[in-house]
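Accompanying notes for the structure given below.
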Amino acid sequence: MPDAVTCPICTMPDPLIAEDGFECATCGHTWVEEHEDTPPEIRDANGTLLVAGDDVVVVKDLKLNGKSGGVKIGTKVKSIRIVPGDHPIEGKVDGRTILILADKVKKA
Ligand SMILES: [Zn+2]
């Protein structure tokens with residue numbers, strides 16, 4: 001946890017710790033914590049370490065929030081990115097950018 005975190009809007013120090021970032025107690029602004037160190041280790045359904053640029057295959061049908069359809073098991077997702085949060089894998093499927101839980105894929 002970095003010290004001297006300040007609100008990017010009102011510059012007040014000592015923000016509240018929110019679910020995946022910070023919340024300013026003064027103006028209510030919320031923002032995502034910036035990770036200056038290396039990204040978290042993300043492991044697939046088999047425990048294989050995943051890194052940005054990997055290709056993965058979906059091993060469980062995915063339902064997409066607020067969108068019709070989903071992603072079928074066996075779908076290949078090319079050149080993933082690793083992002084902060086509880087759905088750490090970002091990739092494109094049929095032109096849509098989606099976020100996936102790490103245990104729903106395996107390395108291709
Ligand atoms: Zn603020």
Local net charge near Glu23, Cβ-Cβ under 14 Å (Lys/Arg +1, Asp/Glu -1): -4
Two-site FRET efficiency, Asp55 against Glu19, from Cβ-Cβ distance with R₀ of 25 Å, rounded to 0.05: 0.25
Segment Val83-Val5, length gained on full extension (0.36 nm per residue, minus Cα span): 26.0 nm
Candidates Lys92, Lys78, Lys63: whichever shows maximal mean-square fluctuation once the chain is modelled as a Gaussian network with Cα springs under 10 Å: Lys63
Simple label model, 7 Å out from Cα along Cβ direction - Lys92 to Arg43, nm: 3.1 nm
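The numbers here are math on the coordinates, done by the rules we state, and not lab data. Predicted model, so just to flag it, every value in this text is computed and none were measured. With ideal geometry, Cβ positions are generated from the backbone for all residues, glycine too; neighbour counts draw on all protein chains shown.
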